[in-house]
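In what follows, a structure is listed as structure tokens, so that the remarks can point back to it.
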Amino acid sequence: MNNSIIPYGKQNITKEDIDAVVEVLKSDYLTQGPKIKEFEDHFAQYIGSKYAVAVSNGTAALHLCTLALGVTEGDKVITSPITFSASANCIRYCGGEVIFSDIDPSNFLLDINKVRALLESSPKGTYSGIIPVDFAGKAVNMEAFRKLADEFSLWIIEDACHAPGSFFTDSNGIRQNCGNGSFAELSIFSFHPVKHIASGEGGMITTNNELLYEKLLKLRTHGITKDPNNYQNSIEFAAGTQTHHNEYPGWYMEMQELGFNYRMTDFQAALGITQLKKANDGLQRRKEIALKYNQAFKNISQIVLPQPELIGEEFFSHAYHLFIIQVENRLEMYNELRKKNIFAQIHYIPVHLMPYYQNLGWKAGDMPLAEAYYKKCLSIPMYPTLSDAEQDYVIETILSLLGKA
Ligand SMILES: Cc1ncc(COP(=O)(O)O)c(C=O)c1O
């Protein structure tokens, strides 16, 4: 019996991380200081995008993306039912309508063929955009989605929260990192502690589009600009009396549209920077863990592995945010593992079945493949600091519960 709890995911905080945060806490800027741009630059370089905008969390990132793309009342946007609710909620924040489309059961990602069928079944112009999700760390083929989106004049927001460092190989044999801006207008990441990079709360938007980048910077901070090149006018504050920006250099600002305070703090950004340095080592360790699970369970008929056939390049392209097995007796397995201090989890309740979305008209049976997947899925421990002994214990416990030990 393992005495301490083995969770399904966990952050890896080292002395370097702690020192970096403390240094910022002793500095002049807790927020709106130099660490934000530094983190953005490092992140953009890591992912391979032109621009990056740090924000307070992944949900804020999604909201800013739907705002920047102009989602409005009644706009129909397509997403996957197997994701965290935030991927869909961002459409609702702007008054849009969420259209779920079923998954491909071989990889649990939004099935492009089903999206195509949906688009072809309605007049062009019915839909505004697509939000594919690199679920569990498996990269969506964004090249294929871009082609489809262009045919129907749609924008794409790639929800890459699970997938920093994950990639697919395009039709020219070129590695395309999730969120690199080559295909989606905007991509988003989360730095919640169970993700690859932890900043407490935190998020990032990446893009190659300069106009969207400028817009996001403004929306992140109340719709305010302090850039003299972008001022719209002087402000009339009483009849015949105006405040001109050149009278108050360094202070004057204009709120030009309705934005939010979705800023990240500098100490979170400092943590993000040191976490990013460890990201590749973390990915490597996740792949070792995945390989060991695959080996241990490959001949166990009661376990369906996440794409056991993935080998070579394909195996290594996965970021393994989650390691999801499918078992028939999921509830029993979940409860028995908890008794043994292994806290597996379930990702996710299909979003269309959440009470909020059922109240909007979605119901059981609408997404049969997502619902079938949900009945059996179980996320078992996957994080870089999972020790060999802990993983052995997880494997032995699962095998013994299945009568195979
Ligand atoms: C796929 C996905 N999208 C969006 C989010 C939202 O990110 P955050 O928790 O940082 O708001 C999450 C986080 O759990 C997620 O897993």
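The values are calculated or read from the model by the stated rules, or taken from the named source; none is laboratory data. Predicted model only: the values in this text are computed from it and were never measured. Note that each Cβ is placed from the backbone with ideal geometry, even for glycine, and that neighbours are counted across all protein chains shown. For accessibility, only protein heavy atoms count, side chains too; no ligands or nucleic acids. Shrake-Rupley method; radii C 1.70, N 1.55, O 1.52, S 1.80 Å.
Within the stretch 57-86, can you find the residues that are more than 11 Å from the ligand (Cβ to nearest atom), surrounded by fewer than 24 Cβ atoms within 10 Å (Cβ to Cβ) and polar (S, T, N, Q)? Residue satisfying the conditions is Thr72 alone. Evaluating Gly9 against the criteria (1) modelled with pLDDT of 95 or more; (2) open to solvent by 50 Å² or more (accessible area, probe 1.4 Å) leaves one unmet condition, (2). Pairs meeting the criteria (first residue in the stretch 353-367 and under 16 Å from Phe84 (Cβ atoms), second residue assigned to a helix (DSSP H, G or I) and β-branched (Val, Ile, Thr), beta carbons under 7 Å, at least 6 apart or on different chains) are Tyr357/Val351. Among the residues of the stretch 349-365, those identified as closer than 17 Å to Ile91 by Cβ, open to solvent by less than 80 Å² (accessible area, probe 1.4 Å) and over 21 Å from the mean Cα position of the chain (by Cα) are Gly361, Trp362.
Could you go through the stretch 150-164 and let me know if any residue there is assigned to a helix (DSSP H, G or I), hydrophobic (A, V, I, L, M, F, W, C), at pLDDT 95 or above and under 22 Å from Tyr213 (Cβ atoms). Scanning the stretch 150-164 turns up no residue that is assigned to a helix (DSSP H, G or I), hydrophobic (A, V, I, L, M, F, W, C), at pLDDT 95 or above and under 22 Å from Tyr213 (Cβ atoms). Screening the stretch 243-340 for helices (runs of 4 or more DSSP H) wholly inside it with 2 or more residues that are at pLDDT below 95 returns the ranges 279-297, 312-317. In the stretch 29-49, which residues are touching a residue at least 60 places away in the same chain (Cβ under 8 Å) and open to solvent by 20 Å² or more (accessible area, probe 1.4 Å)? Correct list: Tyr29, Leu30, Thr31, Gln32, Pro34, Lys35, Glu38, His42, Tyr46, Gly48.
When the stretch 119-167 is limited to residues that are open to solvent by 20 Å² or more (accessible area, probe 1.4 Å) and within 16 Å of the chain's Cα centre (by Cα), the one that is nearest to His192 (Cα to Cα) turns out to be Lys138. Looking at Tyr252, Tyr262, just one residue is surrounded by 11 or more Cβ atoms within 10 Å (Cβ to Cβ) and in contact with a strand residue (DSSP E or B) (Cβ under 6 Å, 6 or more places away or on another chain), and that residue is Tyr262. Here Ser101 fulfils each of the conditions (1) under 22 Å from Phe260 (Cβ atoms); (2) touching a Ser or Thr at 6+ places or on another chain (Cβ under 8 Å); (3) among the small types (Gly, Ala, Ser) apart from (1).
Among the residues of the stretch 20-39, those identified as touching a helix residue (DSSP H, G or I) at 6+ places or on another chain (Cβ under 8 Å) and among the charged types (D, E, K, R) are Glu23, Lys35, Glu38. Each residue in the stretch 181-204 was checked for being open to solvent by 20 Å² or more (accessible area, probe 1.4 Å) and more than 12 Å from the ligand (Cβ to nearest atom), and 3 of them qualify. Restricting the stretch 87-113 to residues that are small (Gly, Ala, Ser) and at pLDDT 95 or above, which is farthest from the ligand (Cβ to nearest atom)? Checked the stretch 87-113; the qualifying residue farthest from the ligand (Cβ to nearest atom) is Gly95. Taking the stated definitions as given, is Gly240 within 16 Å of the ligand (Cβ to nearest atom), surrounded by fewer than 21 Cβ atoms within 10 Å (Cβ to Cβ) and among the small types (Gly, Ala, Ser)? No.
Counting only strands (runs of 3 or more DSSP E) wholly contained in the stretch 182-239, the ones carrying 1 or more residues that are at pLDDT 95 or above occupy 186-190, 203-207.
If you go through the stretch 378-405 and keep only what is touching a strand residue (DSSP E or B) at 6+ places or on another chain (Cβ under 8 Å) and part of a loop (DSSP other than H, G, I, E, B), you end up with Pro381, Met382, Leu386.
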